[in-house]
Amino acid sequence: MKRESANQTFSMKTAILAIVLCPCLMAAQPHLLAAGTIEPAYGPPLTAAQVVSRMVETNRLRREVLRGYTSVRNYSLELRGLIHLRASMEVKMTYHSGVKQFTIISQSGSAYVRNHVFKRLLEAENQASQRDESRQVAITPENYDFELAGYERDGDGHNYILKVTPKVKRKFLFQGFIWVNDQNFAIVRIEGQPARMLSWWTPKVNFVYRYKRVGDFWLPALNETVTNVRIFGRSLLTIQYKDYNVTDALDIKSVVPLKPVSNDRTPVVLVPPSPARE
């Protein structure tokens with residue numbers, strides 16, 4: 001009886017840890033666009049290669065200009081199925097010159113989730129932000145192939161939709177789609193799945209990152225990840241970002257803005273990307 005209980009406890013812990021084996025991909029079941037729901041848009045004036053080149057340069061300039069900021073994050077995880085676990089944690093993040101520091105403000109719920117999931121997420125984020133690791137996970141032509149999948153309009157203008165395929169199925173990489181704003185070439189949304197199956201325990205993981213404009217910068221707004229966990233059910237990990245305060249930044253006006261090479265936008269009807277097959 002004790003052995004059976006111990007095995008169940010081990011399996012539960014293994015399943016929970018599997019949820020965060022790739023913690024840089026923390027976000028939700030993709031809300032991919034349904035066919036037939038897009039209104040007539042405009043043809044993209046740039047090619048995929050041009051968009052990616054400007055996006056990479058924009059990211060480089062943002063790292064150069066944005067030197068320090070703080071924010072508050074709300075982490076929430078719920079596992080429903082054979083077992084039911086729930087936990088939450090509020091964290092203050094301080095960023096300066098590439099270094100992130102985390103301070104726990106409050107926490108509640110399952111102590112195991114708080115200590116072995118949320119804290120591992122923070123540790124993994126620090127690891128991924130290190131210079132060598134950051135180059136290996138960056139959304140660049142060195143790590144990914146890009147294909148233009150569409151061009152759509154939203155509240156902030158027009159966005160290029162690029163299909164992203166990793167060149168190597170490496171830790172922290174993903175496959176899916178990115179939305180790139182056509183005025184400042186910032187990534188405003190990411191949807192997809194990890195490049196490789198995280199664990200036997202987690203055969204399916206879907207995520208969404210959403211970004212919002214904070215002054216002159218696009219910063220994370222909401223990450224959601226839905227994970228199917230064998231035997232135990234389904235988990236939902238949510239991270240909400242709020243209370244941004246830019247503490248150190250160069251004058252953005254000193255950076256020459258990037259502009260599209262053409263204003264010729266012929267009306268077309270776009271076919272949205274299809275959701276990943278079950």
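Numbers at a glance
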read-out: Any hit, segment 238-256, residues being of a type in the set (A, V, I, L, M) and at pLDDT below 60; value: yes
read-out: Options TYR144, TYR151, TYR160: the member that is within 14 Å of PRO194 (Cβ to Cβ) and hydroxyl-bearing (Ser, Thr, Tyr); value: TYR144
read-out: Close pairs (6 angstrom Cβ cut-off, 6 or more residues apart or separate chains): closer than 21 Å to GLU90 by Cα in segment 228-251, at pLDDT 95 or above and among the β-branched types (Val, Ile, Thr) anywhere; value: LYS242/VAL72; ASP243/VAL72; ASN245/THR70
read-out: Hits in segment 83-97 (condition: under 24 Å from the mean Cα position of the chain (by Cα) and either surrounded by 12 or more Cβ atoms within 10 Å (Cβ to Cβ) or closer than 22 Å to THR227 by Cα (or both)); value: LEU85, ARG86, ALA87, SER88, MET89, GLU90, VAL91, LYS92, MET93, THR94, TYR95, HIS96
read-out: Failed condition for ASP132, given (1) within 17 Å of the chain's Cα centre (by Cα); (2) farther than 18 Å from TYR211 by Cα; (3) at pLDDT below 90; value: (1)
read-out: Criterion (within 30 Å of LEU46 (Cα to Cα), in contact with an Asp or Glu (Cβ under 8 Å, 6 or more places away or on another chain) and assigned to a strand (DSSP E or B)) met by exactly one of VAL188, VAL180; value: VAL188
read-out: Search result, residues across segment 194-206 that are touching a strand residue (DSSP E or B) at 6+ places or on another chain (Cβ under 6 Å) and assigned to a strand (DSSP E or B); value: PRO194, THR202, LYS204, VAL205, ASN206
read-out: Condition met for PHE177 (hydrophobic (A, V, I, L, M, F, W, C), buried (at least 16 other Cβ atoms within 10 Å of the Cβ) and touching a Pro at 6+ places or on another chain (Cβ under 6 Å)); value: yes
read-out: Some residue of segment 207-217 being of a type in the set (A, V, I, L, M, F, W, C), touching a strand residue (DSSP E or B) at 6+ places or on another chain (Cβ under 9 Å) and more than 24 Å from GLY68 (Cα to Cα); value: yes
read-out: Evaluation of ARG80 against (1) over 20 Å from the mean Cα position of the chain (by Cα); (2) outside any loop (DSSP other than H, G, I, E, B); (3) at pLDDT below 85 (one fails), failing number; value: (3)
read-out: Members of segment 140-177 that are at positive phi and either outside any strand (DSSP E or B) or modelled with pLDDT of 95 or more (or both); value: PHE172, GLY176
read-out: Among the candidates VAL117, VAL113, VAL52, residue that is surrounded by 15 or more Cβ atoms within 10 Å (Cβ to Cβ), at pLDDT 95 or above and part of a helix (DSSP H, G or I); value: VAL52
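The values are calculated or read from the model by the stated rules, or taken from the named source; none is laboratory data. Predicted model, so just to flag it, every value in this text is computed and none were measured. Ideal geometry is used to build each Cβ from the backbone, glycine not excepted, and the neighbour counts take in all protein chains shown.
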